[in-house]
1. Of all the strands (runs of 3 or more DSSP E) wholly in region 140-219, which have at least 1 residues that are in contact with an Asp or Glu (Cβ under 6 Å, 6 or more places away or on another chain)?
2. With of a type in the set (A, V, I, L, M) and over 20 Å from Trp43 (Cβ atoms) as the only criterion, which of Val109, Val77 stands out?
3. Which one of these does Ala577 not meet: (1) open to solvent by less than 60 Å² (accessible area, probe 1.4 Å); (2) part of a loop (DSSP other than H, G, I, E, B); (3) without any contact (Cβ under 8 Å) to a residue 24 or more places away in the chain?
4. Restricting to region 25-36, name every residue that is crowded, with 17+ Cβ neighbours inside 10 Å and at pLDDT below 95.
5. If I filter region 220-233 down to residues being part of a loop (DSSP other than H, G, I, E, B) and either among the basic types (Lys, Arg) or within 18 Å of Gly289 (Cβ to Cβ) (or both), which single residue comes out as least open to solvent (accessible area, probe 1.4 Å)?
6. State yes or no: is Val40 in a strand (DSSP E or B), β-branched (Val, Ile, Thr), within 17 Å of the chain's Cα centre (by Cα) and crowded, with 19+ Cβ neighbours inside 10 Å?
7. Among the numbered criteria (1) in contact with a strand residue (DSSP E or B) (Cβ under 6 Å, 6 or more places away or on another chain); (2) free of Cβ contacts under 8 Å to residues at least 60 places away in the same chain, which one does Thr249 miss?
8. Output the qualifying pairs, or none if there are none: Cβ atoms under 6 angstrom, residues six or more apart or on different chains, first residue in region 23-37 and under 14 Å from Glu66 (Cβ atoms), second residue of a type in the set (Asp, Glu) and open to solvent by 20 Å² or more (accessible area, probe 1.4 Å).
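The values are calculated or read from the model by the stated rules, or taken from the named source; none is laboratory data. Computed from a predicted model, the values in this text were never measured in an experiment. Glycine also receives a Cβ, built like all others from the backbone with ideal geometry; neighbour counts cover every protein chain displayed. For accessibility, only protein heavy atoms count, side chains too; no ligands or nucleic acids. Shrake-Rupley method; radii C 1.70, N 1.55, O 1.52, S 1.80 Å.
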Amino acid sequence: MQTLATDTDGNVFVAGWFGDTVSFGSTKLRAAPGGHHSFVAKWSPTANAFAWALQTTTTDSYAADEAFTIAVQGHDVYIGGIALSTNVSFGPFRLTSPGTLGQGSCAYVARIADDGASGSFRWATAATGLGYNAVKQLAVRGNGVYMGGSYSSGLLTASPLQLYNIVTANSFDIFVGKLVDAGTSASFEWLQGAGGTNRDELTGLVVQNNHIYLSGSIVRQAAFGAFAIGNASSSTPRAFLARLRFDSTGSSFDWAVQASTSAAAPTALAVQGNSCYVAGTFTGTFSSGPVSMSGGTGGETYVVKYQDSGTTATALWGVAGTPSSGEATPRGLAVRGNSLYVSGYFTGATARFGSTTLTNAGPVGSGDVYLAKLTDSNNSGTWSWALRGGGPRGDAGTQVVLSGQQVYVGGAATPPATFSSTISGPYAAGEAFVASVTDTSLAPVPVLSSVSPALGPVGTTVVIGGTNLGGTTAVAFNGTAATFTIDSPTQLTASVPAGASTGLVRVTAVSGVANSPLPFTVTVPFAVVTVPRNQSNVSATGPVAVTFGTPVSNAPASLGALSVFSQQAGGRKAGAATATANTLAFVPATGFRAGETVMVTLTNAVQNTTGTALSQGQTFQFTTATSSTGPLGPGRSTVAVGT
């Protein structure tokens with residue numbers, strides 16, 4: 001397993017690739033002989049079981065496609081990766097690579113709809129070319145799907161866009177692009193390249209507002225738009241950090257910095273506000289501005305905090321995790337508030353994170369999983385704790401994500417491997433795992449228990465009850481943002497916003513999202529909206545009809561609320577009232593006199609079918625036509641008093 005993500009309901013989605021067969025609960029996936037396929041699966045913590053799993057397929061004699069990254073928004077899941085086969089299918093959606101088998105590849109993105117107990121592919125698209133082309137990072141905001149990765153093709157085609165390798169084919173450059181998700185298909189909006197003459201890799205991508213933060217490594221020099229960074233005389237990989245600005249017309253780099261003056265390999269990126277956190281490995285020494293760290297002969301874990309000033313980024317602090325030998329490699333990084341979580345693996349006999357020393361369960365050279373927490377004190381960072389998982393045969397953590405107080409770590413393990421409970425065999429090497437750790441210092445996910453009242457028009461004041469509401473950052477009525485106040489950790493007060501429709505009330509906090517147990521019904525005000533006052537030339541022979549925006553009640557009180565007075569009758573006109581759908585009609589016993597003035601009164605006793613009364617009574621008048629046929633035609637007079 002390569003990557004994982006969570007949704008707002010706490011479900012965990014995992015992706016990667018597999019060979020031979022793999023089982024996710026009762027779902028068994030099977031790869032083509034000798035090859036491997038991408039997979040995506042959903043784990044439900046509530047059911048403590050996998051809900052569904054999907055895989056790619058191919059008609060090639062050799063299958064080779066891999067999922068590297070995953071992103072979740074609402075009930076949609078997106079995966080990205082590479083397909084080295086001449087064709088790959090995501091359900092009914094088939095992508096093809098140029099050239100013969102092994103010549104070209106697809107840097108693909110696919111969307112999966114999570115229907116609860118099942119999942120289904122909705123679309124798949126790719127940037128293609130001769131060479132190695134892979135999507136390594138994904139992020140989703142609204143209908144924008146942002147992807148990034150590396151390509152060695154001389155020409156990368158994302159129809160109708162094309163991107164040339166900065167120097168020549170077979171040197172790895174970086175690409176970033178935006179897809180517009182139309183629901184059943186997706187189209188490329190823009191594509192941006194960066195890099196130099198050697199191997200440049202993208203390992204981190206975070207979208208924040210209209211900026212995209214990128215991290216990775218470059219060899220020698222590389223160009224990021226107008227910014228050239230690196231060292232032309234050194235073949236040692238060095239870290240970079242860059243910021244890209246985008247809109248619907250394209251993108252351009254705001255800044256790019258060489259994030260290390262010594263050898264370093266960034267592997268993960270997290271961004272919060274104007275703070276950028278980069279994790280990776282270094283050997284010997286690490287230097288970036290005022291930050292300097294020393295390590296041993298193995299690969300040290302490092303985490304560095306950079307401050308984005310708008311025109312550049314400057315390192316503020318850095319910390320290292322040190323193995324006794326071998327390496328300690330981070331693969332995942334997550335941040336919330338002043339807490340950072342790093343996951344990866346170490347291959348030495350021990351690995352030290354601050355005052356915590358972890359001991360490998362196997363021989364030197366075999367990997368064990370680590371999860372470590374850092375506390376950011378603004379101008380310094382310190383290790384808070386570290387945990388080990390795995391067994392004697394080689395294990396690795398590949399990603400870490402947060403959901404409420406749960407810290408999820410995913411990766412690959414070879415049984416037996418222990419994470420408080422033991423994964424047992426007999427299995428092959430590299431079995432996918434997901435493990436969770438509860439950190440009570442994190443704010444718990446909000447929970448909603450009541451919404452009062454349960455219905456009302458726009459502008460209604462609504463009291464929302466629940467728990468863990470003190471950190472609320474947003475309230476929405478069926479997706480429409482509302483103004484709100486935090487009364488206490490157990491209560492919010494919100495106003496039904498203009499444009500809201502009937503649906504769930506959603507509360508968003510830094511720790512997660514909660515939905516109301518039942519929908520809030522947005523009612524249409526039962527009130528007069530438009531009135532054709534003093535209308536003339538109205539038919540003298542038809543009924544008087546009053547039309548509302550919602551169905552009117554046929555109860556006696558509503559029928560009796562409409563009264564008609566005419567000069568001919570010398571007072572109140574005799575007749576009967578009827579209610580049909582949105583119309584309350586008065587049918588006079590006899591027609592009106594030609595050219596007379598008719599007075600209509602409607603009291604606030606009239607109600608719609610949900611029991612909402614007219615806010616106040618209304619009075620209208622009209623003049624009948626001097627002939628038997630008015631502009632409304634014979635047989636009907638209409639007075640529209642509401643919509």
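1. Strands (runs of 3 or more DSSP E) meeting the threshold: 144-151, 173-181, 186-196, 211-218.
2. Result: Val109 is the single residue among Val109, Val77 that is of a type in the set (A, V, I, L, M) and over 20 Å from Trp43 (Cβ atoms).
3. It is condition (2) that Ala577 fails.
4. Passing the criteria: Ala31, Ala32, Gly35, His36.
5. Filtering first and then ranking leaves Asn231.
6. Numbers: in a strand (DSSP E or B): yes; β-branched (Val, Ile, Thr): yes; within 17 Å of the chain's Cα centre (by Cα): yes; crowded, with 19+ Cβ neighbours inside 10 Å: yes.
For Val40, the condition - in a strand (DSSP E or B), β-branched (Val, Ile, Thr), within 17 Å of the chain's Cα centre (by Cα) and crowded, with 19+ Cβ neighbours inside 10 Å - is met.
7. Of the numbered conditions (1) in contact with a strand residue (DSSP E or B) (Cβ under 6 Å, 6 or more places away or on another chain); (2) free of Cβ contacts under 8 Å to residues at least 60 places away in the same chain, the odd one out for Thr249 is (1).
8. Final answer for the pair search is Ala31/Asp20.
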